[in-house]
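Structure provided below as structure tokens; questions to follow.
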There are 4 protein chains.
Amino acid sequence: MAATSPATELAAQVGAAMFAADRASRETMGMELVNCTPGCATMRMQVREQHLNGLRICHGGFIFTLADSTFAFACNSHNKVAVAAGASIEFLKPGQLGDVLTCVGQEQSLSGRHGIYDVKVSNQHGEVVAMFRGKSAQIAGTLV
Amino acid sequence: MAATSPATELAAQVGAAMFAADRASRETMGMELVNCTPGCATMRMQVREQHLNGLRICHGGFIFTLADSTFAFACNSHNKVAVAAGASIEFLKPGQLGDVLTCVGQEQSLSGRHGIYDVKVSNQHGEVVAMFRGKSAQIAGTLV
Amino acid sequence: MAATSPATELAAQVGAAMFAADRASRETMGMELVNCTPGCATMRMQVREQHLNGLRICHGGFIFTLADSTFAFACNSHNKVAVAAGASIEFLKPGQLGDVLTCVGQEQSLSGRHGIYDVKVSNQHGEVVAMFRGKSAQIAGTLV
Amino acid sequence: MAATSPATELAAQVGAAMFAADRASRETMGMELVNCTPGCATMRMQVREQHLNGLRICHGGFIFTLADSTFAFACNSHNKVAVAAGASIEFLKPGQLGDVLTCVGQEQSLSGRHGIYDVKVSNQHGEVVAMFRGKSAQIAGTLV
């Protein structure tokens, strides 16, 4: 049995609790939370009909949303409530119907209440679909 | 009866055609296209249960999506297909359940194939919820 | 004689004091402070030999620096010390040797300690050279 | 004697040629080019009196300029002329008089003519001073 640190266990608990309550990510978007560790998270989403815009590709807003959710899990993983102050995204490749998008977010900096997180969205061929950078601000409260 | 220029009529036609085909914005998100004029667009979306994250506020990704759609209508309004190359957003206020978010996008620059668009999302009290800046790239093709 | 409000007079005093102390903007870069009013500032800089990079155009970093200084005057104009938390810039046209760049910054939002400022850099032909958006955070202290 | 690939030798040559011609980075700012390898570059700059703003800290524009130069060497290292289309920066710590800032830039993506580069500025204590992300566009021409 693998040993896990208290911080790792806490992050997993926070992730599970947040995901259960996050109707937007879970139901409306159909995301899956792959894991949530201290400062990091991985999510996955398959591109379906409901995600397509008028050009029959995944709406860029939903690729952002996948990255933004991953960022949210990563920046809340320390069990201090954090919200997004802002973010930027670069779109590199479209998401096609049926694509499975995997999204990995990692803490780059956490200083006082403010954090920076880099998030990368890739498709099932390992191609980078988008790069996202989010800035978080911790507010009062805990998640679990 | 108000006179309208050919460019204005074209933008309205492009907007209507794009919106009819944009399942993500129309059905999944529940947006409304208020108008589409040359270089500009206005959209509206009410925050509903399906938009809420685990903090019971509108998922920031959906506020981005509203802004990104508005940007898409504005940058395609000249009837040359344009895609988003990247965007940034600053979140100023949360969107609460029941809020009616109005989103106005305006072309700031269009030089060659590349454009910059500023988009502002406000709530029914006139408070600014988010500021978005999108960068577009025209590709081959027309919309109508 | 034009009537000026106390806020306008204060902003002008803050601008003059900051500019006198700002060796980087004044001496190293050769900027001029055109005006500083509540939430706004205008600066000017001529592109000289010392600003040129290896392509013989103005170093993009110095165009950013012009915008960043203008942003600093605008966000400090209320006489509460504010620092830059971050910024983004889009480069639209190069600055050529001899160009006179005028830079106008305007407050878009100021909520609590956090502000957003849009800054536009134009050349002597009225062409937009760069668009900048800065995010400020007020810290303790006053300027004058 | 270490073997070096042709790409590595070319990048070193490009770096040397660009740096020799870049008066802004070399003379006006006082930067040093530490190395230039394919897709990457490292530069260094000591904060001196000429870099200080009215708060007696390094002008944020000059921290950006250091990152922007590093980005320029990284994105031109393939010997295809590339220019900056845009960039964003987050300021995490001020640069103090005497600090030695080391700046490392790395290619994250290069697809067609468009690249994304992440650049980190650290001080002599290993603390991150700023994080920068630049977007490049290749144009016609070679550097050496």
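The values are calculated or read from the model by the stated rules, or taken from the named source; none is laboratory data. The structure presented is a predicted model; accordingly, all values stated were derived computationally and were not measured. A quick note on method: Cβ atoms are made from the backbone with ideal geometry, for glycine too, and the neighbour counts reach across all protein chains shown.
Suppose the filter is assigned to a helix (DSSP H, G or I), surrounded by fewer than 17 Cβ atoms within 10 Å (Cβ to Cβ) and among the aliphatic types (A, V, I, L, M); does B:ALA72 pass it? Steps first, please.
Details: assigned to a helix (DSSP H, G or I): yes; surrounded by fewer than 17 Cβ atoms within 10 Å (Cβ to Cβ): no; among the aliphatic types (A, V, I, L, M): yes.
So B:ALA72 does not fit the description; no.
Can you tell me which condition D:ALA67 does not meet? The list is (1) crowded, with 21+ Cβ neighbours inside 10 Å; (2) aliphatic (A, V, I, L, M); (3) within 23 Å of C:PHE19 (Cβ to Cβ), and all the others hold.
Only one criterion in (1) crowded, with 21+ Cβ neighbours inside 10 Å; (2) aliphatic (A, V, I, L, M); (3) within 23 Å of C:PHE19 (Cβ to Cβ) is unmet by D:ALA67, namely (3).
Among the residues of the stretch C:84-127, which ones are part of a strand (DSSP E or B) and of a type in the set (D, E, K, R)?
Start the filter on the stretch C:84-127 by keeping residues that are part of a strand (DSSP E or B), which leaves C:84-91, C:100-111, C:114-122.
If the condition is that a residue be part of a strand (DSSP E or B) and of a type in the set (D, E, K, R), then C:GLU90, C:GLU107, C:ASP118, C:LYS120 are the ones that fit.
Which of the residues that make up the stretch D:97-109 are in contact (Cβ under 8 Å) with a residue 24 or more places away in the chain and over 15 Å from the mean Cα position of the chain (by Cα)?
Matches in the stretch D:97-109: D:LEU97, D:GLY98, D:ASP99.
May I ask you to list the residues in the stretch C:111-129 that are closer than 23 Å to A:LYS135 by Cβ, in contact with a Ser or Thr (Cβ under 9 Å, 6 or more places away or on another chain) and surrounded by 17 or more Cβ atoms within 10 Å (Cβ to Cβ)?
The answer is C:HIS114, C:GLY115, C:ILE116, C:TYR117, C:VAL119.
To continue, here is another question. Any residue that is within 24 Å of D:GLY141 (Cβ to Cβ) and among the acidic types (Asp, Glu) - is there at least one of those in the stretch D:63-70? Talk me through it step by step, then tell me what you get.
Our first condition is that a residue be within 24 Å of D:GLY141 (Cβ to Cβ); within the stretch D:63-70, this holds for D:65, D:67-70.
If we keep only those that are among the acidic types (Asp, Glu) as well, we get D:68.
Looking for residues that are within 24 Å of D:GLY141 (Cβ to Cβ) and among the acidic types (Asp, Glu), one finds at least one in the stretch D:63-70, hence yes.
Same structure again: Return the residues of the stretch C:72-91 that are within 18 Å of B:SER88 (Cα to Cα) and of a type in the set (A, V, I, L, M); say none if nothing qualifies. Steps first, please.
Taking the stretch C:72-91 and keeping what is within 18 Å of B:SER88 (Cα to Cα), we get C:84-91.
Result: C:ALA84, C:ALA85, C:ALA87, C:ILE89.
Residue by residue through the stretch D:101-133, note down the ones that are more than 17 Å from C:ALA87 (Cα to Cα) and of a type in the set (D, E, K, R).
Within the stretch D:101-133, D:GLU107, D:ARG113, D:GLU127 meet the criteria.
Next question, about the same structure. Please verify whether A:MET18 is over 25 Å from B:ALA82 (Cβ atoms), of a type outside the set (Gly, Ala, Ser), facing chain B (nearest Cβ under 8 Å) and buried (at least 23 other Cβ atoms within 10 Å of the Cβ), treating the condition exactly as stated. I'd like the intermediate steps shown before the answer.
On the way: over 25 Å from B:ALA82 (Cβ atoms): yes; of a type outside the set (Gly, Ala, Ser): yes; facing chain B (nearest Cβ under 8 Å): yes; buried (at least 23 other Cβ atoms within 10 Å of the Cβ): yes.
Taking the combined requirement at face value, the residue satisfies it.
Looking only at the stretch C:110-140, filter to residues that are under 17 Å from the mean Cα position of the chain (by Cα), more than 12 Å from C:ALA74 (Cβ to Cβ) and small (Gly, Ala, Ser); which one of those is modelled with the lowest pLDDT?
C:ALA137
Of all residues in the stretch C:21-40, count the ones that are without any contact (Cβ under 8 Å) to a residue 24 or more places away in the chain and either away from chain D (no Cβ under 11 Å) or of a type in the set (D, E, K, R) (or both).
5
Also: Could you run through the stretch B:73-104 and say how many residues are within 21 Å of C:LYS135 (Cα to Cα), more than 7 Å from chain A (Cβ to nearest Cβ) and in contact with a Gly (Cβ under 8 Å, 6 or more places away or on another chain)?
Residues flagged as within 21 Å of C:LYS135 (Cα to Cα), more than 7 Å from chain A (Cβ to nearest Cβ) and in contact with a Gly (Cβ under 8 Å, 6 or more places away or on another chain) within the stretch B:73-104 amount to 0.
Quick check: anything in the stretch A:53-62 among the aromatic types (Phe, Trp, Tyr) and more than 9 Å from chain B (Cβ to nearest Cβ)?
Start the filter on the stretch A:53-62 by keeping residues that are among the aromatic types (Phe, Trp, Tyr), which leaves A:62.
Narrowing the set further to residues that are more than 9 Å from chain B (Cβ to nearest Cβ) leaves none.
No, there is no match, as no residue in the stretch A:53-62 is among the aromatic types (Phe, Trp, Tyr) and more than 9 Å from chain B (Cβ to nearest Cβ).
For D:GLN13, are the conditions met, namely being over 13 Å from the mean Cα position of the chain (by Cα) and within 13 Å of chain C (Cβ to nearest Cβ)? Show your work before the answer.
On the way: over 13 Å from the mean Cα position of the chain (by Cα): yes; within 13 Å of chain C (Cβ to nearest Cβ): no.
So D:GLN13 fails the test.
Out of the residues in the stretch D:41-52 that are of a type outside the set (S, T, N, Q) and within 12 Å of another protein chain (Cβ to nearest Cβ), which is nearest to D:ASP118 (Cα to Cα)? Explain how you work it out, then say what you get.
We begin by selecting, within the stretch D:41-52, every residue of a type outside the set (S, T, N, Q); these are D:41, D:43-45, D:47-49, D:51-52.
From what is left, the residues that are within 12 Å of another protein chain (Cβ to nearest Cβ) are D:43, D:45, D:47-49, D:51-52.
On the way: D:MET43: 14, D:MET45: 18, D:VAL47: 22, D:ARG48: 25, D:GLU49: 28, D:HIS51: 23, D:LEU52: 25 Å.
Looking at the filtered set, the residue picked out is D:MET43.
Which residue, of A:LEU101, A:LEU97, is in contact with a Leu (Cβ under 7 Å, 6 or more places away or on another chain) and crowded, with 20+ Cβ neighbours inside 10 Å? Explain how you work it out, then say what you get.
Details: A:LEU97 fails: crowded, with 20+ Cβ neighbours inside 10 Å.
Result: A:LEU101 is the single residue among A:LEU101, A:LEU97 that is in contact with a Leu (Cβ under 7 Å, 6 or more places away or on another chain) and crowded, with 20+ Cβ neighbours inside 10 Å.
If only one of A:THR70, A:THR4 is within 14 Å of chain B (Cβ to nearest Cβ) and out of contact with any Ser or Thr (no Cβ under 6 Å at 6 or more places or on another chain), which one is it? Give the steps one after another, and end with the answer.
Working: A:THR4 fails: within 14 Å of chain B (Cβ to nearest Cβ).
Step by step, each of A:THR70, A:THR4 is checked, and only A:THR70 is within 14 Å of chain B (Cβ to nearest Cβ) and out of contact with any Ser or Thr (no Cβ under 6 Å at 6 or more places or on another chain).
Answer with yes or no whether C:SER69 is farther than 18 Å from D:ILE89 by Cβ and either in contact (Cβ under 8 Å) with a residue 40 or more places away in the chain or of a type outside the set (Asp, Glu) (or both).
On the way: farther than 18 Å from D:ILE89 by Cβ: no; either in contact (Cβ under 8 Å) with a residue 40 or more places away in the chain or of a type outside the set (Asp, Glu) (or both): yes.
For C:SER69, the condition - farther than 18 Å from D:ILE89 by Cβ and either in contact (Cβ under 8 Å) with a residue 40 or more places away in the chain or of a type outside the set (Asp, Glu) (or both) - is not met.
Can you tell me how many residues in the stretch D:21-41 are part of a helix (DSSP H, G or I) and farther than 22 Å from D:LEU101 by Cβ?
Going through the stretch D:21-41, the residues part of a helix (DSSP H, G or I) turn out to be D:21, D:23-28.
This time we only want the ones that are farther than 22 Å from D:LEU101 by Cβ, so: D:21.
Matching residues across the stretch D:21-41 total 1.
Can you spot a residue in the stretch D:49-67 that is assigned to a strand (DSSP E or B) and closer than 24 Å to A:VAL128 by Cα? Don't jump to the end; show me each part of the working.
So in the stretch D:49-67, the residues assigned to a strand (DSSP E or B) come out as D:52, D:58.
Narrowing the set further to residues that are closer than 24 Å to A:VAL128 by Cα leaves none.
No, the stretch D:49-67 contains no residue that is assigned to a strand (DSSP E or B) and closer than 24 Å to A:VAL128 by Cα.
Just to be sure, is D:GLY39 on the phi > 0 side of the Ramachandran plot and either surrounded by fewer than 16 Cβ atoms within 10 Å (Cβ to Cβ) or touching a Pro at 6+ places or on another chain (Cβ under 8 Å) (or both)?
Numbers: on the phi > 0 side of the Ramachandran plot: yes; either surrounded by fewer than 16 Cβ atoms within 10 Å (Cβ to Cβ) or touching a Pro at 6+ places or on another chain (Cβ under 8 Å) (or both): no.
For D:GLY39, the condition - on the phi > 0 side of the Ramachandran plot and either surrounded by fewer than 16 Cβ atoms within 10 Å (Cβ to Cβ) or touching a Pro at 6+ places or on another chain (Cβ under 8 Å) (or both) - is not met.
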